[in-house]
Amino acid sequence: MKARLLTSLGIVLSIVLMFVLKVYVSPYFFDVFFAVVAGFAAFEMTKLLSRTGRVNNSILISAFSGVMMLATVLGIYFGLGFGWTILIDLGLILASGIIAYLWSLCTKSRVLKEMRLRGVQTTFNKFSFKKALNTLLGLIYPTFLFLCMLFLNHFDEIGVESIANYGGALSLVILIFAFLIPMFTDSFAMLCGMLFGGKKLAPKISPNKTISGSVGGTVFCILLSACVYLILGAIDYFAVALNTLEIWKLLLIVAAGSVIAQCGDLFESHLKRKAGVKDTGKVLPGHGGMLDRIDSYIFVSPMLFFAFYLVLII
């Protein structure tokens with residue numbers, strides 16, 4: 001319990017520090033922070049894939065977070081816009097998958113040895129192709145999906161004059177809610193589940209989660225997000241940016257984000273159950289692996305980006 005509390009404190013302080021650096025120094029500190037987190041989570045994902053028999057190129061998967069971070073930051077910095085930058089990221093994913101396949105072809109003797117050790121009864125080409133496909137899977141989940149946080153971090157830099165005029169306040173607001181939605185949902189889902197109990201939400205995937213907890217987590221997430229919105233609206237720095245984001249629109253996004261955050265949690269629980277592990281790693285004492293901590297954010301990040309883009313820009 002002590003280790004868990006200390007780790008939680010360290011996580012909170014790290015996030016607070018990133019927000020301070022974003023406001024007073026540069027938003028790029030958050031980019032590096034997200035890339036490091038994604039890198040650890042991606043490495044843990046390679047292990048989960050391997051434990052379920054999905055052989056993959058762990059080096060490519062683990063290193064891709066840095067590559068995507070650089071490509072995304074450069075795309076935004078040079079004014080390519082979100083659309084072209086996302087296409088570049090997707091192109092890098094495809095290119096990495098091709099590299100994974102070509103790497104297998106170039107190291108045929110090593111791959112054949114791996115096939116013998118695993119007792120694989122298939123052809124070399126099929127094994128190499130499946131390995132490349134599994135590598136693609138590891139590049140998309142968690143790295144590409146989670147690193148949509150980069151787009152949230154640079155939301156003001158899309159090149160739209162009305163958005164840029166907020167001087168970074170809008171991206172700050174969006175990031176605040178991006179962090180709070182899974183936090184509020186997870187915390188109150190656990191509390192409501194313990195308090196009310198009842199029918200299990202997905203007993204075969206996560207036996208401890210209840211329907212009452214799921215509903216309670218979403219309801220309290222909406223209520224607390226409304227409170228945060230009103231508090232931020234009373235602060236001059238945020239007030240102008242929030243004038244373009246009506247509270248009912250925000251709460252619709254929050255509600256959808258809360259549901260998707262729980263789906264992300266269940267999906268990762270499904271992966272762990274298939275792999276036969278309780279935690280994805282041990283990098284965070286008392287909490288398990290990095291993937292355990294960001295599972296709710298992996299699907300929420302792209303959802304929030306497209307939702308805010310739809311509401312504020314289109």
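The values are calculated or read from the model by the stated rules, or taken from the named source; none is laboratory data. Quick caveat, the model's predicted, so the values are computed rather than measured. Using ideal geometry, Cβ is built from the backbone for each residue, glycine included, and neighbour counts are taken over all protein chains shown. What goes into the accessible areas is simple: the full protein's heavy atoms, side chains included, and nothing from ligands, DNA or RNA. Shrake-Rupley method; radii C 1.70, N 1.55, O 1.52, S 1.80 Å.
Of note:
- Of all residues in the range 50-73, those satisfying the criterion of being open to solvent by less than 50 Å² (accessible area, probe 1.4 Å) and not small (G, A, S) are V55, N56, N57, L60, I61, F64, M68, M69, T72, V73.
- Entry remark, the range 213-222: residues being without any contact (Cβ under 8 Å) to a residue 40 or more places away in the chain and either at positive phi or out of contact with any Leu (no Cβ under 9 Å at 6 or more places or on another chain) (or both) number 2 in total.
- Qualifying positions in the range 261-302 - more than 19 Å from I15 (Cβ to Cβ), crowded, with 21+ Cβ neighbours inside 10 Å and β-branched (V, I, T): T280
- Which numbered condition F30 fails, given (1) open to solvent by 20 Å² or more (accessible area, probe 1.4 Å); (2) closer than 15 Å to C148 by Cβ; (3) not polar (S, T, N, Q): (1)
- Any hit, the range 155-164, residues being at pLDDT below 95, surrounded by fewer than 21 Cβ atoms within 10 Å (Cβ to Cβ), aromatic (F, W, Y) and over 17 Å from I294 (Cβ atoms): no
- Only one entry in I76, I15 is surrounded by 22 or more Cβ atoms within 10 Å (Cβ to Cβ) and in contact (Cβ under 8 Å) with a residue 40 or more places away in the chain, namely I76.
- Enumeration of residues in the range 193-211 that are over 25 Å from the mean Cα position of the chain (by Cα) and either in a helix (DSSP H, G or I) or in contact (Cβ under 8 Å) with a residue 40 or more places away in the chain (or both): M194, L195, F196
- No other residue among L252, L310 is out of contact with any Leu (no Cβ under 9 Å at 6 or more places or on another chain), open to solvent by 50 Å² or more (accessible area, probe 1.4 Å) and modelled with pLDDT under 95 apart from L310.
- In this structure, L152 qualifies as among the aliphatic types (A, V, I, L, M), under 27 Å from S26 (Cα atoms) and within 18 Å of the chain's Cα centre (by Cα).
- When the range 79-93 is filtered for residues that are more than 19 Å from the chain's Cα centre (by Cα) and touching a residue at least 24 places away in the same chain (Cβ under 8 Å), the ones remaining, listed by number, are G79, G81.
- Cβ-Cβ contacts under 9 Å between residues 6 or more apart (or on different chains), taken from a first residue in the range 244-259 that is without any contact (Cβ under 8 Å) to a residue 24 or more places away in the chain to a second residue that is open to solvent by 50 Å² or more (accessible area, probe 1.4 Å) and of a type outside the set (S, T, Y), are listed as I247/L230.
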